[in-house]
Structures are given as structure tokens and as C-alpha cells.
Amino acid sequence: MTLQIQKNIRLFHNFYKRSRSKCSSHLTNFTKPILLSHDYSSMIVQTLPFQWKNFSSAKDIQQANPISVRGIKFDHQDVMDVEVNEAAVRARVKLDILERVKDAADQLKAMYIFSMSKVEHGDKLRLTDNLSDDWISKEGEVADAFSKAIKYTAKLRTQDSAKKAEQLLREMIARHNSIQSRSRFMIGSDKYELNDEDIDDLLKLIEKDFGKSATKSRMMERNRSGIPVPDINDFTNVLHAWASSKVRKKGIYAEVILYRIIELAYLYPEKFSMPHSNTFGLVVKCYAGSTFKDALSRIQKLHATHNRLAGLSYPGIVQNDPFLLMHSIKSVNNINTKSEYMIVDEWFDRLHSYVMQPSIESNVSSESVKGKIDLTGAYSSIIRYYSRMRWANDAPQKTFDALQRMISLAQRCKERDDSCATVDLKINAFNLFLGMSTTFDDTTTMEQKLSVLDSMVLAVNNCLDSTATNTLTPPPNDQSFASCIKAISTIKDTHRAIKEAEKVVDTFESLQQQNSAIEPSTKIYNALIDFYIDISARDKKIAHNLYSICDDICNRMKTQTPSLEPDAMTHTLLLKSCTINDGNVDNKEQKFQRAREIFDKISKHHEKEEGSKLNDKCYFYMMKCVTQNVNDPEEKKKQIIQLFSQAGSGGFVSSDVLKSLRINTTDDEYKKIVGDGRLADRWVANVTSAVALYTDGTSGGAGKNARRKGKSTSDWAKKQRQRDEEIKRRKIVKAEKKKKRMIKVEMASVK
């Protein structure tokens, strides 16, 4: 050995002993060797003092200077409250620790490589073996630091936390030099692309080689050093970060990670394992929380991949896994087409069939309760989807069947403890069925709704009776009774409809007297007034006596519960009752005076900010009452314009209010009042019903680019900014040309 090499090794040996005792300890004032040159023939090492603060309290963190670790910025605001910002505090510490441990491992690796390159043949130094062992040991600490940094970075819930966690994961994989860096599914890259042909080719390779011996990896390893690789928890933490992100295409990013896991598990079966069904469910959850237009088709392809792997009997991949099916069902915002209906219906059938069987070995997710997956949200979502399918004739029956399935699963879970799922019967699921729209005179659905309400009333009675068996059915609330009364109005037989509606109100009042848990509510009586208004359209006798009927209902409410006062909806419905045509022209003046008294009363309360408040429906029904009951055309127009002016001042110009003005004025008068184009924002500020943004009564359309509040998936805003910038640029160019011409003119005049 030359003198220079021996000197370098001794120098390394001194720093190595020092680093072994201090690099792994997070204490203050330790000396850290910094590698300044990678020229191994003439290596220069310099020691620099480094201060490491051990953050043990919020005060220590608040006193620390703002830092930026791996692109994530933290300041004093992040750590003002440790309980609220615990994830931000921990992420800061874990990322800083990762940097220190990585530096220590990299130095040990450099020292090991240097010593190996300079030791002559046959010269066995124990230093080399010690360096190798300590380097591998330090790499284990690096892997643990990576896992913790990924975990707490993913919990930050900031705009770029998911991206940063993914970059950490990619760096962790790349640190293992025996893993192929090139891949068809590159995570953490700037461009995320999914090629279905690449996915199919990968699955074909897996199916072809399935069952063959996996004693050695399919990719030749260049270094069997034993450096730890990311486990499934590291991948899962990144997927959780994407699931809580607001990025539009986060489902694509999550799917790339999924197929990278599958690729690694195929290439390196000794190091990686196939993702479980829960992992597929997390990717579906990422699609569920985005506005990506192809989300449903991508979820279907994920199911196809999952089913192909499940057919190979990989551990943890279950054909009808409830976690995957649950998130698939919840990913659908609404069912608008028959194809979507068939897809969701199939998922629901598979889910219910699976969970009703005796418990089979399945994955237990982080969302499970006592080892069981809570499917309350999935069943409620299905009921909501079916209840909104007005275009489907079998929607009421499908909704009722879904509710019965939910009840049967809850009953099974109560009687037996061998199910992999649990469900909690919530009142909103029952109210969705009771409140869904039905066709006129749908006797079957009406009977089903009444039976469901009876079962809910029975639950209250069983609670009052100590000897009765408690049921899982939730007790009804005011919305349950109101929805049922609304549905009863579709019964063709008026006499039976009135009888059933009065029976429902009697039941509510009886329960209210027996059980203090049933709170007084105006919803029931408002629903009863609305019921009589609906049936008055087909029964002139009811229409003729509608005033007295509505007054009797209000008096009944006051007698039953003296503390109740008519609310805004009550007065709105009373105004609506004044617009009903009873066929008697002599009642026009009486109806108009009644409507004027009601409107003036709530207007007075609205000005004093007490009791009932005005709304856009009040103005619409008052304008409609003027239209129907005021005979003088000029007086009618005057009052309509006056009401519209008041509605505009209060921000109550709805689509119906605007339409009423348009009907009762000429085109020139209408244009003079409202103008042409976009309505003033203050005119529509308090509208709760259908809103019109333009003077033609629409809310948008060709050539009408209303700026949307919130998230937009269109490129209109971007194009509009580009257009504005282009106009601004042209004006600048034009001004410069004009300035040059003026200069030329002045110079010519001087000459």
C-alpha cells in the first residue's frame, strides 16, 4: 500500500469510529462527517458541527426556525397547537430524521466501497467486514425512517402531500439497487399514463407463470445485500393520501401504484407480495372522490383485474370482497342510465349474497368495526340511488327490496356472530324510501310505505313496553310522517286518501303525548296542508272549503302544541292555497285579501327579523294570486312590478318570479325593468328554489359563461384568461405603435 492510501484509510477509520457512536443518536452537538469529494483515490473528508434539536414539546418547535424539508414547508403556524397539527409536527421530525439517517448510511456505503477498492488482494481487514455489517444495519434504519416519513407525510392532507409521499416511496424503491428501475408503471413521475395493453400483458405473464417455482426472482439480482424493501403498508399509506386528496385524476395515480405493486410482486416474489382486495378497494375509493369522467369505466377494469387475480387464488384476494364492492357502490354519484343501473345492481347483489353467508376468511380493513366491515353507507347509498331513478318503472320496488335487505342483514348480525359485515339501521334510509316520488295511484308502493311507517311506530311502542321485544328498526321522526303524508296524496280515492292522512297525523300526536322523545314539529301540519292543496285540484268540494280546512289545521297545531307557531313554510303554503281555482268567481276578492293579509304579516316579521321569514316562493305565490284574482289589467301590472321590485331588493328573484313578471308585462317593459343579459347577483342572493342567472330565465347556455363557484372540470376559465391576456397584449402593442407614430410625426414637424 502506498503512503497516501494508508493515510486515507486511517483518516476514514477515525471518522468511522466516531460516526458509529454518534451518527445513529439524535443528540445535540455531535460531529458529522461530510463527504465533499467522491474521488476515492484522493478522498477529502471535512467535519462540520451540526446542531440537532430534540423536539420534546410544542414550545421547542415554536422556537425553531421555519424550515422546508423535501419540498414541504412548515412554519410556526403549523405547530401552534400540537393536538391539532400533530401530523404536521411529526412529519417535520420524521423527514428530518430520514435525511440524517440517509446521510449516515451513504457515508458508510462510501467508506465500504472505498475500503474494498483499496485493500490489496489477500489483505483481509476486519474494518471492511465491520463496514459492510454496519452499512446494512444502517440501511435497515433508513427503511424504517422512510416508512415513518411516508406515513406522516401522507397524513398531512395538504395540497401536495400525496405527491410528496409518492416521491418518497419511489426513492425508497430506487434505493434497493437490485430492483429494476425501469417500469411500465412509474410512480412518482410527472406523467401518469395507463395503457390497458400493458396491464393485459402483465396479467397474461402472471397467469402463464402462476404455480411455477419462485425460489429465485424472475429478474436476476445484482446484489443480495438484504436491504429492506417497502412493504404493503408503505404503498397503502400513499394510497390513503391520494384518497383524501382533491386532485381530479387521483384515481389514475392510485391505479399506477396498484399495478406497480403487482409488477414488483411478479418480478420479485421473494421481496414483494400481491396486493390484497383492500388495496383494490382503496384505489376505487380514490376514483369515488374525484370528478374524473371515466371513473366508472376504470373501476370496471379494476374489477376485471381483481377477478383475474382472484381466480389464481392469491392470498388476500377474495372474489366478492365486501370492502371492494362497498367502495365501488359508493363511487357512483347517481344512476342516470340503464347500463349504470345494471352495473351497480350486480355489485349490490354480489355484496349482499356474500355478507349473508357464514363468515369466510376475508380482509379486515381499517374501516371495520370489531373486525367487521360497516356497510351502513353502502346500503344507504343503494337506497338513495334507487329512490332517485324516476325514469325506471321498477324503482319503488327496488328501493323497498334494498331496504328489506338492509333490515335482514341487521337482523342476521344480531342473531348470529359469524358475518364479516355489520350494518346500522339509520332513520335516513327509511325516510329515503318514504319520501321517494311515486306514480299516481301506485297502490303497491303506498301499502309498502304505510307498512314501513307502522313498523317504525311499533319500534317506539316496544320501547315504551318493557315486556316487548326490542326491534332494530329506528323510531320515526317528523320527516318520516311528513314524507308518508306527501305520498298518500297520490291515492286516487280521495276519501281513502283523507282517511289515511288523518290517521298518520293522529298517530304522530298520540306518540308525541306518550313519548317525550318525539319532538313537536310544524312539518307534519305543513305536510297536511300541502296534502289538501294537492287533492283540491281533483276535488272541487275540497277546493271550495280549502280556507277553512287550512285554518282548522293551524288551530289544531296550536291546540296540540301551544308552543308551536306557523313557520315560513306554513305561510308559504297558505299563500299557495289562495292560488287554487275553486271555480267560484265571487271568491276572487276574498282570496286576494286573504293572501295580502298573510303576505303583509310575514313581510312585517321579516323586516323586524323575528318569526317567519320571506322567501322566493312567497313572492311567486303572491304574484300568482295577483295574476288570478285582480281583474284590472293596469292594477295587476302595477302590483306585479311592485312585488318584483321588492323581490329584487331582498334577493328573491327566482326563475318563477322572473317568469311571472315576463308574463304580465310587454317585451319593452320587461327589458326596461330587468335589462338584457346577466341578472344582478344581489337579486338572486337568497333564492332557495330554481334560480335564473339571465334575463331570458336560463342559468346558462351557448355564449353564457357564468363563472362557477368551486371546482370546475371544464377549460373555460383557462381559455378565458388566455383570451383576456391576448386582448391586453394587443392593446399594449397598439399603444406602442401609436406612440412610435406620434414620435415620427413630432420629428417630421421639427425638421
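The values are calculated or read from the model by the stated rules, or taken from the named source; none is laboratory data. Computed from a predicted structure; not experimentally measured. Every residue, glycine among them, receives a Cβ derived from its backbone with ideal geometry; neighbour counts consider all protein chains shown. Surface accessibility is based on the protein's heavy atoms, side chains included, excluding ligands, DNA and RNA. Shrake-Rupley method; radii C 1.70, N 1.55, O 1.52, S 1.80 Å.
Does S603 meet the test of being assigned to a helix (DSSP H, G or I), at pLDDT 90 or above and among the hydroxyl-bearing types (S, T, Y)?
Details: assigned to a helix (DSSP H, G or I): yes; at pLDDT 90 or above: no; among the hydroxyl-bearing types (S, T, Y): yes.
Criteria not met by S603.
Taking the stated definitions as given, is K711 under 45 Å from the mean Cα position of the chain (by Cα), at pLDDT below 85, loosely packed, with under 10 Cβ neighbours inside 10 Å and not aromatic (F, W, Y)?
Working: under 45 Å from the mean Cα position of the chain (by Cα): yes; at pLDDT below 85: yes; loosely packed, with under 10 Cβ neighbours inside 10 Å: yes; not aromatic (F, W, Y): yes.
So K711 fits the description; yes.
Condition check: open to solvent by 10 Å² or more (accessible area, probe 1.4 Å) and within 39 Å of the chain's Cα centre (by Cα). Does A527 satisfy that?
Values: open to solvent by 10 Å² or more (accessible area, probe 1.4 Å): yes; within 39 Å of the chain's Cα centre (by Cα): yes.
It is true that A527 is open to solvent by 10 Å² or more (accessible area, probe 1.4 Å) and within 39 Å of the chain's Cα centre (by Cα).
(1) part of a loop (DSSP other than H, G, I, E, B); (2) touching a residue at least 24 places away in the same chain (Cβ under 8 Å): which one isn't true of T698, the others all being true?
(2)
Mind counting the residues in region 261-289 that are surrounded by fewer than 24 Cβ atoms within 10 Å (Cβ to Cβ), aromatic (F, W, Y) and not in a loop (DSSP other than H, G, I, E, B)?
The qualifying residues number 1.
Do we find a residue being at pLDDT 80 or above, among the charged types (D, E, K, R) and closer than 30 Å to F292 by Cα anywhere in region 715-723?
So in region 715-723, the residues at pLDDT 80 or above come out as 722-723.
Applying the additional criterion that residues be among the charged types (D, E, K, R) yields 723.
After this cut, where a residue has to be closer than 30 Å to F292 by Cα as well, the list is 723.
Among the residues of region 715-723, at least one is at pLDDT 80 or above, among the charged types (D, E, K, R) and closer than 30 Å to F292 by Cα, which makes the answer yes.
Among the residues of region 128-135, are any part of a helix (DSSP H, G or I), closer than 30 Å to R90 by Cα, open to solvent by less than 50 Å² (accessible area, probe 1.4 Å) and modelled with pLDDT under 85?
yes
State which residue pairs qualify: first residue closer than 10 Å to P396 by Cα and modelled with pLDDT under 85 and inside region 434-451, second residue open to solvent by 60 Å² or more (accessible area, probe 1.4 Å) and not in a helix (DSSP H, G or I) in any location, beta carbons under 7 Å apart, and separation of 6 or more residues or different chains.
That search, which allows pairs on different chains as well, returns S437/R390.
Out of region 422-441, which residues are of a type outside the set (S, T, N, Q) and open to solvent by 40 Å² or more (accessible area, probe 1.4 Å)? Full working, then the answer.
If we filter region 422-441 for residues that are of a type outside the set (S, T, N, Q), which is where we start, we get 423-427, 429-430, 432-436, 440-441.
The answer is D424, K426, I427, L432, G435, F440, D441.
Of the conditions (1) of a type in the set (D, E, K, R); (2) at pLDDT below 90; (3) assigned to a helix (DSSP H, G or I), E519 satisfies every one except a single condition; which number is it?
E519 satisfies all of (1) of a type in the set (D, E, K, R); (2) at pLDDT below 90; (3) assigned to a helix (DSSP H, G or I) except (3).
Can you tell me which residue is farthest from A87 (Cα to Cα) among those in region 130-154 that are of a type in the set (S, T, N, Q) and touching a residue at least 60 places away in the same chain (Cβ under 8 Å)? Show your work before the answer.
At the first step, the residues of region 130-154 found to be of a type in the set (S, T, N, Q) are 130, 132, 137, 147, 153.
Keeping just the survivors that are touching a residue at least 60 places away in the same chain (Cβ under 8 Å) gives 147, 153.
Values: S147: 15, T153: 8 Å.
Per the criteria, the residue is S147.
Restrict the check to region 198-207 and report whether at least one residue is modelled with pLDDT of 75 or more, closer than 27 Å to L108 by Cα and out of contact with any Asp or Glu (no Cβ under 9 Å at 6 or more places or on another chain).
Filtering region 198-207 down to residues modelled with pLDDT of 75 or more leaves 198-207.
Now narrow it down to the ones that are closer than 27 Å to L108 by Cα: none.
No, region 198-207 contains no residue that is modelled with pLDDT of 75 or more, closer than 27 Å to L108 by Cα and out of contact with any Asp or Glu (no Cβ under 9 Å at 6 or more places or on another chain).
Of the residues in region 575-589, how many are touching a Ser or Thr at 6+ places or on another chain (Cβ under 7 Å) and more than 15 Å from S548 (Cα to Cα)? Even if it seems obvious, please write down each step before you answer.
So in region 575-589, the residues touching a Ser or Thr at 6+ places or on another chain (Cβ under 7 Å) come out as 580.
Next, from what is left, pick out any that are more than 15 Å from S548 (Cα to Cα): none.
The qualifying residues number 0.
Hey, can you tell me all the residues within region 142-163 that are assigned to a helix (DSSP H, G or I), acidic (D, E) and either open to solvent by less than 70 Å² (accessible area, probe 1.4 Å) or at pLDDT below 85 (or both)?
Once the filter is applied, which keeps residues that are assigned to a helix (DSSP H, G or I), acidic (D, E) and either open to solvent by less than 70 Å² (accessible area, probe 1.4 Å) or at pLDDT below 85 (or both), region 142-163 yields nothing.
Would a scan of region 404-418 turn up a residue that is surrounded by 22 or more Cβ atoms within 10 Å (Cβ to Cβ), free of Cβ contacts under 8 Å to residues at least 40 places away in the same chain and assigned to a helix (DSSP H, G or I)?
Scanning region 404-418 turns up at least one residue that is surrounded by 22 or more Cβ atoms within 10 Å (Cβ to Cβ), free of Cβ contacts under 8 Å to residues at least 40 places away in the same chain and assigned to a helix (DSSP H, G or I).
Give me the pairs: first residue in region 549-570 and assigned to a helix (DSSP H, G or I), second residue among the basic types (K, R) and surrounded by 14 or more Cβ atoms within 10 Å (Cβ to Cβ), beta-carbon distance under 6 Å, and six or more apart or on different chains, which are they?
Hits for this filter: A568/K613.
Are any residues in region 548-598 buried (at least 18 other Cβ atoms within 10 Å of the Cβ) and basic (K, R), and if so, which ones?
Of everything in region 548-598, those that are buried (at least 18 other Cβ atoms within 10 Å of the Cβ) and basic (K, R) turn out to be K576, K591, R594.
Just checking, which of K486, K492, K503, K499 is in a loop (DSSP other than H, G, I, E, B), of a type in the set (K, R), open to solvent by 10 Å² or more (accessible area, probe 1.4 Å) and closer than 24 Å to T439 by Cβ?
On the way: K486 fails: in a loop (DSSP other than H, G, I, E, B); K503 fails: in a loop (DSSP other than H, G, I, E, B); K499 fails: in a loop (DSSP other than H, G, I, E, B).
The conditions single out K492.
Please tell me if E447 is over 35 Å from the mean Cα position of the chain (by Cα), open to solvent by less than 70 Å² (accessible area, probe 1.4 Å) and among the acidic types (D, E).
Values: over 35 Å from the mean Cα position of the chain (by Cα): yes; open to solvent by less than 70 Å² (accessible area, probe 1.4 Å): no; among the acidic types (D, E): yes.
When the stated conditions are applied, E447 does not pass them.
Do we have any residue at all in region 240-260 that's at pLDDT below 80, open to solvent by 50 Å² or more (accessible area, probe 1.4 Å) and more than 21 Å from I150 (Cβ to Cβ)?
Taking region 240-260 as the starting set, the residues that turn out to be at pLDDT below 80 are none.
No, region 240-260 contains no residue that is at pLDDT below 80, open to solvent by 50 Å² or more (accessible area, probe 1.4 Å) and more than 21 Å from I150 (Cβ to Cβ).
Residue by residue, here is whether (1) in contact with a strand residue (DSSP E or B) (Cβ under 6 Å, 6 or more places away or on another chain); (2) in contact (Cβ under 8 Å) with a residue 40 or more places away in the chain; (3) over 30 Å from G700 (Cβ atoms) holds:
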position	(1), (2), (3)
K588	no, yes, yes
D632	no, no, yes
K636	no, no, yes
S655	no, yes, no
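Take region 332-362 and flag every residue that is at pLDDT 85 or above and polar (S, T, N, Q).
S339, S353, listed by residue number.
Given the conditions (1) in contact with a His (Cβ under 9 Å, 6 or more places away or on another chain); (2) more than 18 Å from E166 (Cα to Cα); (3) basic (K, R), and given that K285 satisfies all but one, which numbered condition is not satisfied?
Among (1) in contact with a His (Cβ under 9 Å, 6 or more places away or on another chain); (2) more than 18 Å from E166 (Cα to Cα); (3) basic (K, R), the lone unmet condition for K285 is (2).
Just to be sure I understand the filter: pairs with C-beta atoms under 9 Å, separated by 6 or more residues or on different chains, first member in region 474-498 and closer than 11 Å to M456 by Cβ, second member among the small types (G, A, S) and open to solvent by 70 Å² or more (accessible area, probe 1.4 Å). Which pairs pass?
P475/A517
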